[in-house]
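Presented below is the structure to which this report refers.
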Amino acid sequence: MRVFIIGISGAVGGLLTRDLTGRGDVVSGLVRRDEQRAELATRDVEVRVGDIGVLTAESLAAMLGGVDAVVYTAGSNGGRRDVTDAVDGEGVVTALEATRLAGVRRFALVSVLPEAWRERDLGDDEEHYFAVKKLTDVAVSLSDLDWLILRPSMLVDRGGTGRVALGPAQPHDEIPREDVAATLAELLHEPRIRRQILELNAGETPIASAVRGNLR
Ligand SMILES: NC(=O)c1ccc[n+]([C@@H]2O[C@H](COP(=O)([O-])OP(=O)(O)OC[C@H]3O[C@@H](n4cnc5c(N)ncnc54)[C@H](OP(=O)(O)O)[C@@H]3O)[C@@H](O)[C@H]2O)c1
């Protein structure tokens, strides 16, 4: 399978690249800086340079030739509202349109649990971030592509366990990034799981079983 990752230089993007290439998939993606392109090239990963906040759908579509799936794991992680709007909002819509223009069917988005941190006073910018993420999920879910939205709870960097809780509704807890990447890789290899929103936490079920458990 050929997978194009927007956000490939990020933590989840890097782990997903490792997992997919380990399965024999061919991974490419989008980075913002030429140093990142050069570093990934040393690992035989060929990427294109561009800013998702600037690219048009047509110019991004031109990078997607021969691709089987597009993964969007870029994000602002909160912060300035204009950046959130560009990367977590409009950028996803651009990528969705580019995927359609390129004739690629599969589009997977790493999103966020909308009710994350309800118990905290987050401040206006963080609230804006969660609102944009939710509205972006709505836009993706209205697409006629074979979309998939994965909503991990809080990302942590401790090692993955290979065991998760995955389903349409999960409480907000936490999940190692390694397990997010491994779950995404497994989901990409299960084309029968499409047009679903799945929430993800650390858990007890081996990832392959957790993914199969969401077949319907
Ligand atoms: N933090 C959490 O607890 C949490 C919880 C649930 C879901 N999430 C979601 O999970 C996603 C992945 O998390 P992560 O830890 O992998 O994040 P990360 O390490 O911060 O990676 C973010 C990626 O987005 C890229 N990016 C940002 N702006 C861009 C732009 N304008 N054009 C192109 N690429 C751009 C970054 O590129 P550069 O390398 O150039 O910066 C980087 O590759 C997040 O984006 C967020 O939506 C996060």
- Task: Mind giving me the nanometre distance, one decimal, between the label points for residue 208 and residue 121, set 7 Å out from Cα along Cα→Cβ?
- Result: 5.0
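Only bridges with both residues in the chain count here: give the DSSP antiparallel percent, nearest 5.
Working: 6 of 36 bridges.
Of all bridge pairs located within the chain, approximately 15 percent are antiparallel.
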- Query: With θ set to phi - 60° and the Karplus curve 6.51 cos²θ - 1.76 cosθ + 1.60, what are the ³J(HN,Hα) couplings of the stretch 155-171 in order, to the nearest whole Hz, using x for Gly and Pro?
  - Reply: 7, 10, 9, 5, x, x, 10, x, 10, 9, 10, 10, x, x, 9, 9, x
- Rounded to one decimal in nm, the spacing of the 7 Å Cα→Cβ label points at residue 56 and residue 216 is 3.8
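Label the stretch 103-148 by shape, choosing from rounded, prolate and oblate, from the square roots a ≥ b ≥ c of the eigenvalues of the Cα gyration tensor; if a/c is under 1.5 it is rounded, and otherwise prolate applies when a/b is larger than b/c, oblate when it is not.
Details: a/c = 3.70, a/b = 2.94, b/c = 1.26.
Cα axes put the stretch 103-148 in the prolate bin.
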- Task: Pop a pseudo-label 7 angstrom from the Cα along the beta-carbon direction at both residue 93 and residue 105 and give the gap in nm to one decimal.
- Result: 2.7
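Leaving out ligands, DNA and RNA, and with a 1.4 Å probe, what % of the accessible surface on the chain is carbon or sulfur? Mind dumping the intermediate values first?
Details: 4820 of 9990 Å².
Roughly 48 percent, rounded to a whole number.
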- Query: Over the heavy atoms of residue 1, what accessible area does a 1.4 Å probe trace out, to the nearest 10 Å²?
  - Reply: 70
- Accessible area per residue in Å² at 1.4 Å probe, computed on the chain: 46
- Intensity falloff of the stretch 2-212 expressed as log10 I(q)/I(0), Debye formula with alpha-carbon point scatterers, at q = 0.14, 0.15 Å⁻¹: -0.79, -0.92
- Message: Test of the criteria: in the stretch 104-177, which GluC sites (Glu not before Pro) are in a DSSP loop and have at most 15 other Cβ atoms within 10 angstrom of their Cβ?
- Response: 115, 119
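The values are calculated or read from the model by the stated rules, or taken from the named source; none is laboratory data. Since the model is a prediction, treat every value here as computed from it, not as a measurement. Positions of Cβ are backbone-derived with ideal geometry, glycine not excepted, and every protein chain shown enters the neighbour counts. Remember, those area values only see protein heavy atoms, side chains included, never the ligands or the DNA or RNA. Shrake-Rupley method; radii C 1.70, N 1.55, O 1.52, S 1.80 Å.
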